[in-house]
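Since every read-out is calculated from the coordinates, none of them should be taken as a lab result. Here the structure is a predicted model, which is why all the values come from computation and not from measurement. A quick note on method: Cβ atoms are made from the backbone with ideal geometry, for glycine too, and the neighbour counts reach across all protein chains shown.
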């Protein structure tokens, strides 16, 4: 049977990172550590991206290549409190957590607090109003503005000869009400980022598939028939557009659409394409593991990562079984 494990959301996030990322690959902090001086930006990775953590490594590397001095932070000490709102935007305990997290990031004296999470954008933007020069914005806006600022000086390392379909995050219901700034950040900045990459063409959008929306339906790994149908639908949509890959703007979307990826139809998040063009791409181990439906094989594949954290094989198997719903 699928292993059902106890543990709060922060424990699960940490386990995901340690299953997918080796200790020496970590370039962010999960404990408050005030550095000397001022950082250009603090990148708060939030919750969901920790389940596709190659994006965290790529983000730091991309920022360095683009000349942005960043500090990456993650974990409960920097949480906006959304996991504790339970469908209610007003929550005293969640607000207290957001207050403390904002103060920790503000103590780093960043010019920008860059968010991966839309809920965090809303919470920290409220707290930043009238407090000083710090700007709170989403990650695609920060990257898009920096790339536009550099113009011809962006140090591209590789032409990405690709015709891509772009999947935009659906405007699904969320705990926070004002999604406008969040959605605008994706809509206004992701397409221009992609269009600036040498060799790449955005040839259309793919909102959903005939059988449903993978990033909301979350197809079960064990439902082989649904996966087969969805893969065929994706292949048809890509072929009909004369495209050769699907690119998503959101990290949750790349995780779920990634279940449908094949060598013929790659699925990437936009930062991975940017990292590819800048010469700092990282392996998407989540997508590789999604294709491995044997627990022993999965644990063996991930050993270089989990073993660096002094994790036992049994612990790794328990975590892997839950992450990938293996029997």
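A few notes on this one:
- Using the Stokes-Einstein relation with a Kirkwood hydrodynamic radius computed over Cα pairs, the translational diffusion coefficient of region 211-327 at 10 °C and a viscosity of 1.306 mPa s comes to 103 µm²/s.
- DSSP beta bridges in the chain [antiparallel fraction, %, rounded to 5]: 5
- Cβ-based exposure ranking for 108, 165, in which fewest neighbours within 10 Å come first: 108, 165
- CD proxy at 222 nm, helix term only [per DSSP H run n ≥ 4: -39500 (n - 2.57); per residue of the chain; nearest 500]: -13500 deg cm²/dmol
- The ranking of 157, 39 from fewest to most other beta carbons within 10 Å of each one's beta carbon is 157, 39.
- Spherically averaged projected area in nm², based on the convex hull that wraps the Cα atoms of region 61-140: 5.5
- Normalised by residue count, region 9-323 yields a Cα convex hull volume of 136 Å³ per residue.
- Ranked list, fewest to most other Cβ atoms within 10 Å of each Cβ, for 124, 19, 242, 32: 242, 32, 124, 19
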